[in-house]
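*Asks:* My structure is below; once you've seen it, I'll send some questions.
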Amino acid sequence: MATKKITKKIITPRSLDGVKKITKEEAGEVKAGRVAEEESSRVGRVKRGCFFCQKKISPLYTDLESLRRFLTDRAKIIPKERSGACSKHQRTVAKNIKYARHLALLPFVPKV
């Protein structure tokens, strides 16, 4: 039977920046230690365009600099939601990364 690794969450002063102290005078709904704000005050995410559509180029397996942008530090392919690439180019990037790995141009696993 597999054992589950237990990790501790480290709380730093920087991670507490978003937490707001609540006083008795303030009214509002509290969710997970944060005060719920009005919907109008929320700032939406700005959509980035596809890297390849903006530059009007297509991803190639020989262009290692642009392919490395789509790899994590653990040599995993970044999903479309995080990379900001369109569906067409994300599929092409994934195929080219896999082909470059097969040719030993990119690593399968990270360096230790």
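The values are calculated or read from the model by the stated rules, or taken from the named source; none is laboratory data. In this text, all values refer to a predicted model and were calculated from it rather than measured experimentally. For neighbour counting, all protein chains shown are included, and Cβ atoms are generated from backbone atoms with ideal geometry for every residue, glycine included.
*Asks:* Only residues that are under 18 Å from residue 49 (Cβ atoms), part of a loop (DSSP other than H, G, I, E, B) and more than 14 Å from the chain's Cα centre (by Cα): list them for the stretch 60-112, please.
*Replies:* 86
*Asks:* Looking at the stretch 70-112, which of the residues that are in contact with a strand residue (DSSP E or B) (Cβ under 8 Å, 6 or more places away or on another chain) and touching a residue at least 12 places away in the same chain (Cβ under 8 Å) is surrounded by the fewest Cβ atoms within 10 Å (Cβ to Cβ)?
*Replies:* 77
*Asks:* Could you say whether any residue in the stretch 41-58 is within 29 Å of residue 112 (Cα to Cα) and either in a helix (DSSP H, G or I) or at pLDDT 85 or above (or both)?
*Replies:* No: the stretch 41-58 contains no residue that is within 29 Å of residue 112 (Cα to Cα) and either in a helix (DSSP H, G or I) or at pLDDT 85 or above (or both).
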